[in-house]
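Every read-out reported here was derived from the displayed coordinates using simple, explicitly stated rules and does not represent laboratory data. Please read these numbers as outputs of a predicted model, since none were measured by experiment. Every residue, glycine among them, receives a Cβ derived from its backbone with ideal geometry; neighbour counts consider all protein chains shown.
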Amino acid sequence: MGVWRRRVVVVFKDPPTGSVSSVTAEVTSSMFSRSVNISRSSFRLNCSLSQLNRLSSTALQRKHHFLRATFKTSHHSPCHSFYTPSFVLSSRCFSQSPPSMDLKTVLEVLEQLAPLSLAESWDNVGLLVEPSKQRPVKTILLTNDLTADVMDEAEAMTCDLIVSYHPPLFRPFKRLVQKDWKQQLAIRAIESGIAVFSPHTSWDSVKDGLNDWLIEGVGRGQVSVLKQAHCSGYQKHRLEFTARNEEELNNILKDIKTENNETFQYNILRTEQEAQHVILTCSSSELTPAVQAILNSATASQSLNITQVQQPPLLGCGQGRHAVLDEPMSTASALQRVKKHLGLPYLRLALGNQKTLDSVVKSVAVCAGSGASVLQGVKADLYITGEMSHHEVLDAVSKGTSVILSDHSNSERGFLPVFKERLAARLPDSVSVIISQKDRDPLQVM
């Protein structure tokens, strides 16, 4: 039986991106094991692991989750004529099983998708429940609200992490007891080893997040942020004062450095009378000692002026959205589009003063959840939010603005499938991302 050569194609697939690459290598009969069992029209090839790895040492080092090798060969020899059917070598032969992820790594992915620094200062976001015994995260359950029914669902599927849009733990408490339903959920999560994470207003604020998704339901247009988010970091303050001379200024700066070891920046502008006008920038932690040092100087204290330095804006991030529509439409058409987008058979509508269902809508303002505080004073033909109080609706209507209300969580829940796709694309196939089937708005129309 003569020596034969065959080509082997190894296909590498990256699940998060869907990209596929392949490596082709030549396989000779010497690369297979000692025996070749021949039956009527096919034979089975037993490959040597160490030699098969020579196909592509570079490719095998790549972090891919799946590895498939397909062999097709036909062989003719003076003794035998046969065809080898294609078959698949399991990745287990020469690569590890899909990697698991620990909680810390999953939290890093969640932070990348919506940084918690974008959340409102009053909000309670991030990891709210952390199990004492860490285990690989294999199942993630997405829900808008963590209720007893959702917790039952999570326990039944042996969930490892619950991502609840609304934080189930919001107000501080001094004890964990069974009298309060939210404390019951926290206790159950701890006992079941389930971590609980809440993104809340970080999803609202992030670019292409919940509010961008909500306004897309009406139509395309020129979109802007209603309440702009700014870069996170230490809050800075600007102090302006005048020192009588260089000696007085040096004493003030010396006192500031003595009280606080942190660095600060200052500029000096000299005047004809040797007095020196100073502009000093410091962080919040440096503010008190800096002010105290300046107040110790009679001249400088009389001229002291303090202003807060505004952080640069994060473009596209913030609470609420406003859109000037590319294609204006009637109020009735806008209503139907929002119904379809939210997957609801009904919506509540308050027509603006002197407006009808045929009135043209050129501009729209939205805020997921309870949006009255964000929408207040915004000029738009139509407001879309989950809920507003009776008097807040009356105020908007009196200004000629129509209002669409969906009920609180109905304005948010439809974003879960969008986020599921984004999260799953960043996780290995060993992690399942599931949307809760028990999660629903508590208010139902009968």
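Some values worked out for this structure:
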read-out	value
Of all DSSP beta bridges in the stretch 104-229, antiparallel share, percent nearest 5	30 percent
Paramagnetic reach from residue 187 (point 7 Å along Cα→Cβ, amide N under 20 Å) across the stretch 125-149	128-133, 146-149
Sorted by Cβ density within 10 Å, fewest first, the residues 203, 213	213, 203
Distant-in-sequence amide H partners of residue 329 (H built 1.01 Å from N, under 5 Å)	361
In Hz, Karplus ³J(HN,Hα) per residue of the stretch 351-365 (6.51, -1.76, 1.60; θ = phi - 60°; x = Gly, Pro)	6, x, 4, 6, 9, 10, 5, 8, 4, 7, 9, 9, 9, 9, 10
Exceeding the 32 Å Cα-Cα cut-off - candidates 104/379; 179/339; 339/379; 133/207; 379/420; 362/438	104/379; 179/339; 133/207; 379/420; 362/438
Whole-Hz ³J(HN,Hα) from phi, Karplus 6.51 cos²θ - 1.76 cosθ + 1.60, for the stretch 146-159, glycine and proline x	8, 10, 4, 5, 5, 5, 4, 4, 5, 5, 5, 9, 6, 5
Using alpha carbons only: equivalent-ellipsoid semi-axes of the stretch 236-309, gyration tensor based, whole Å	19, 13, 11
Ranking of 231, 367, 159 by count of other Cβ atoms within 10 Å, fewest first	231, 159, 367
Eligible lysines near residue 174 by straight Cα distance, threshold 17 Å, same-chain separation 8 or greater	182
Gain in span if fully extended, residue 298 to residue 432, counting 0.36 nm per residue against the direct Cα distance	41.5 nm
